[in-house]
Amino acid sequence: MPMSDSFSRRLNPIVDEVAGHFGTPFHIYDEAGIRNTCRALKEAFSPIEGFQEYFAVKALPNPTILKIMKEEGFGFDCSSIPELILARQAGATPEDIMFTSNNTTQEEFDAALSDGGCILNLDDLSLIEKVPVMPELICFRYNPGPRRTGNVIIGSPEEAKYGITHDQAIEAFRQAHERGATRFGLHTMVASNELDFSYIVETARMILEVVQEVKEALGITFEFVNIGGGLGIPYRPDQTALDLEEMARQIIGEFDRFREKYGYAPRLYMESGRYMTGPHGVLATRAINTKDIYRQYVGVDACMSALMRPALYEAYHHITVPAREGSPEKIIVDVVGSLCENNDKFAVQRELPPIEDQDLLLIHDSGAHGHAMGFNYNGRLRPKELLLGEDGRVELIRREEKIEDYFATFEFDPDSWQPAT
Ligand SMILES: *Cc1c(COP(=O)(O)O)cnc(C)c1O
């Protein structure tokens with residue numbers, strides 16, 4: 001089930017007025033839904049002492065959303081300087097931030113280590129020398145390579161650019177220890193949008209084994225393992241949701257067995273993005289043109305600058321038309337934006353009720369990797385973001401981009417260079 005019944009029950013009756021007040025297109029996020037998911041995650045893992053979620057900022061980098069995550073007790077997973085700034089502005093303490101960059105620059109290391117630092121997650125052996133100072137607490141990203149087949153979306157770990165190999169793991173922690181680190185964590189992320197929770201359970205078992213291997217070789221102890229994000233959401237109505245409670249039970253089982261066998265267990269960290277906010281957002285857009293050629297088209301006032309996933313991954317996003325709900329008639333259409341790119345389509349050959357100009361369409365599951373992925377190709381601007389509050393109030397939490405924003409990078413001090421003759 002895409003957008004939850006609870007969200008649509010509260011949004012559908014007001015969405016016309018919201019659109020009238022704020023103008024379309026917009027993403028709107030459901031505060032109650034987000035908080036419920038946060039609490040369900042915490043509750044499911046509460047038997048593991050010290051369980052912590054670091055919300056993956058890239059999924060929905062909006063200060064109002066990050067404030068909600070902070071209030072729910074979450075930390076933040078960042079991988080760029082603007083994401084670090086967003087997390088710190090949300091009130092994150094150093095150990096509330098996990099900095100998981102790759103192909104890292106010196107500027108990024110400096111920013112990560114400033115302001116009291118953060119939990120630094122190193123992506124390669126070569127970076128041990130490049131960190132300006134080795135922090136007391138250090139983590140490495142582990143890539144299992146051929147020991148693990150990837151899930152469908154993230155691909156094979158062997159072909160992934162991330163992390164250190166299995167053979168490098170002991171050496172990485174040995175060198176970090178030599179350079180002064182005294183506290184350790186191990187991270188991995190091998191799934192994306194995975195609905196089969198056994199894959200995530202398997203990841204927890206795998207990372208615990210690596211921890212024990214490194215501990216036996218070096219005599220160091222690990223404070224935490226971070227099993228990454230990648231929890232999936234059902235984008236299609238016929239998909240079943242990930243069984244969070246059962247996944248948590250089985251992961252807790254892995255931790256219990258590990259503790260019984262070795263007499264200790266690290267804390268469990270996670271950095272979900274999509275699962276936390278994905279289903280709790282929709283993109284509301286108005287039909288502005290219909291067109292009947294070789295196929296039937298509905299043109300809307302949003303385009304892939306607002307939501308790239310259909311064009312980029314041929315991803316399915318469910319679409320509903322609240323005003324036409326219950327219509328017995330159906331049409332088969334492509335729902336398109338106005339970018340001069342034929343893949344600028346929110347839906348291809350989709351069965352929908354007959355749509356007229358000015359109808360509002362809701363494109364579901366835009367709450368993660370939606371607005372955040374938008375771009376300005378073809379002079380297209382990103383839409384505004386709204387929050388449907390728990391008290392029913394709708395608040396603007398980011399304005400739409402304006403033409404002045406597009407032209408802002410053309411304002412600069414004149415500069416040029418000429419080769420010496
Ligand atoms: C993107 C990303 C996440 C979040 O992934 P989701 O699929 O949104 O859960 C977590 N950790 C890292 C390192 C990432 O790059």
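For the range 31-277, averaging the sequence separation of C-alpha pairs within contact (under 8 Å, six or more residues apart) and dividing by the residue count gives a relative contact order of 20 percent. Considering only the Cα atoms of the range 31-277, their convex hull presents on average a projected area of 12.5 nm². Fully extending the segment from Ala408 to Ile288 would add 40.3 nm, taking 0.36 nm per residue of separation and subtracting the current Cα-Cα distance. Measuring between alpha carbons in the structure, the pairs from Lys58/Lys215; Lys58/Lys345; Lys67/Lys384; Lys67/Lys130; Lys161/Lys345 lying more than 28 angstrom apart are Lys58/Lys215; Lys67/Lys130; Lys161/Lys345.
Seen from a random direction on average, the alpha-carbon convex hull of the chain projects onto 25.0 square nanometres.
Extension gain for the segment Glu223 to Glu178, taken as residue separation times 0.36 nm less the Cα-Cα distance, is 14.4 nm to one decimal. Per-residue Cβ neighbour counts within 10 Å put Tyr275, Tyr199 in the sequence Tyr199, Tyr275, beginning with the fewest. From least to most packed, judged by other beta carbons within 10 angstrom and beginning with the fewest, Met270, Met134 follow the order Met134, Met270. Computed 3J(HN,Hα) for the range 279-289, one whole-Hz value per residue from the Karplus formula 6.51 cos²θ - 1.76 cosθ + 1.60 where θ = phi - 60°, is x, 9, x, 9, 9, 9, 9, 9, 5, 10, 8, glycine and proline marked x. Put in order of Cβ neighbour count within 10 Å, fewest first, the listed residues Tyr264, Tyr316 become Tyr264, Tyr316. The Rg/Rh ratio of the range 340-416, with both radii computed over alpha carbons and Rh defined as the Kirkwood radius, is 1.06. Rounded, prolate or oblate: pick one for the range 279-400, where a ≥ b ≥ c are the square roots of the eigenvalues of its C-alpha gyration tensor, a/c under 1.5 means rounded, and failing that, prolate if a/b is larger than b/c, else oblate. Oblate shape, in that a/c is at least 1.5 and b/c is the bigger or equal ratio.
Between Arg236 and Gln418, the C-beta separation translates, for a Förster distance of 51 Å, into a calculated FRET efficiency of about 0.35.
The phi-based Karplus calculation (6.51 cos²θ - 1.76 cosθ + 1.60; θ = phi - 60°) puts the 3J(HN,Hα) values of the range 98-114 at 10, 9, 10, 9, 9, 6, 6, 9, 4, 4, 5, 4, 4, 5, 5, 8, 7 Hz, whole numbers, x for Gly and Pro. Backbone amide hydrogens, once placed in the peptide plane, bring Lys384 within less than 5 Å of His27, Glu400, excluding anything fewer than 5 places away on its chain.
Mean separation of Cα pairs under 8 Å and 6 or more residues apart, divided by the residue count, gives the chain a relative contact order of 19 percent. The string of couplings for the range 69-78 from the Karplus curve (6.51, -1.76, 1.60, θ = phi - 60°) is 4, 5, 4, 7, x, 8, x, 9, 9, 10 Hz, one whole number per residue in order, with x for Gly and Pro.
Every number in this text was worked out from the coordinates using simple rules, so none of it is lab data. As the structure is a computational prediction, the values presented were derived from the model and not from experiment. When we count neighbours, we look across all protein chains shown, and the Cβ atoms used for this are built from the backbone with ideal geometry, even at glycine.
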